[in-house]
Amino acid sequence: MKKSKRFEPIQDIASNSADELSRAMAEAGRRVADLEGQLEQLKGYRDEYVRNSSAAGGAMDAVKLQNYRSFLDRLGEALRQHVRNLDAARAEYEKRRAKWSEKRAEAESLGRVVERFRSEERHAAERREQREGDDAAMRIALAARGETGNR
């Protein structure tokens, strides 16, 4: 069996694995983008709430002030939790990107090896054909010389 044929399944496996990792990386990237969008929405909501409360003006009684601060604290905690989730999603994306990059490089390297083997096999076949052609020409020439020598 030719070397290129032996390595093709290995190269296919690496290539398929790189494709799967690429899909996983894209999924992780979408998750990061979604979380970034949600974070911006939360920040916008908080900023709007603060603006509206400030614009309403007037004095706040103690209960309203306590409720206002409590709500802002909960909103702040939600933002911090969301940032932690976003950081974790970014770390997961980077992990998947690194795995994909490694597997892609492996698949490309195996592809180059398979192509080099194919090229060597083609050259060997061409040399063999040339040798066979030369041998046939030599046999014809010897046979022709032998016929003229017998006359």
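Quick notes
- For first residues located in the range 104-127 and over 17 Å from K3 (Cα atoms), partners that are hydrophobic (A, V, I, L, M, F, W, C) and lie 6+ apart or on another chain with Cβ distances below 6 Å form the pairs R104/A18; E106/A14.
- Of the listed requirements (1) open to solvent by less than 90 Å² (accessible area, probe 1.4 Å); (2) over 23 Å from the mean Cα position of the chain (by Cα); (3) among the charged types (D, E, K, R), R51 misses just one: (1).
- Among the residues of the range 1-52, the ones that are among the basic types (K, R), under 30 Å from S119 (Cβ atoms) and in contact (Cβ under 8 Å) with a residue 12 or more places away in the chain come to 2 in all.
- Among the residues of the range 109-127, those that are open to solvent by 90 Å² or more (accessible area, probe 1.4 Å) and closer than 26 Å to L21 by Cβ comprise R112, R116.
- Options E129, E77: the member that is assigned to a helix (DSSP H, G or I) and under 30 Å from I10 (Cβ atoms): E129
The values are calculated or read from the model by the stated rules, or taken from the named source; none is laboratory data. Keep in mind that this is a model prediction, so the values were computed, not measured. All Cβ positions, even for glycine, are placed from backbone atoms using ideal geometry, and neighbour counts span all protein chains on display. Surface accessibility is based on the protein's heavy atoms, side chains included, excluding ligands, DNA and RNA. Shrake-Rupley method; radii C 1.70, N 1.55, O 1.52, S 1.80 Å.
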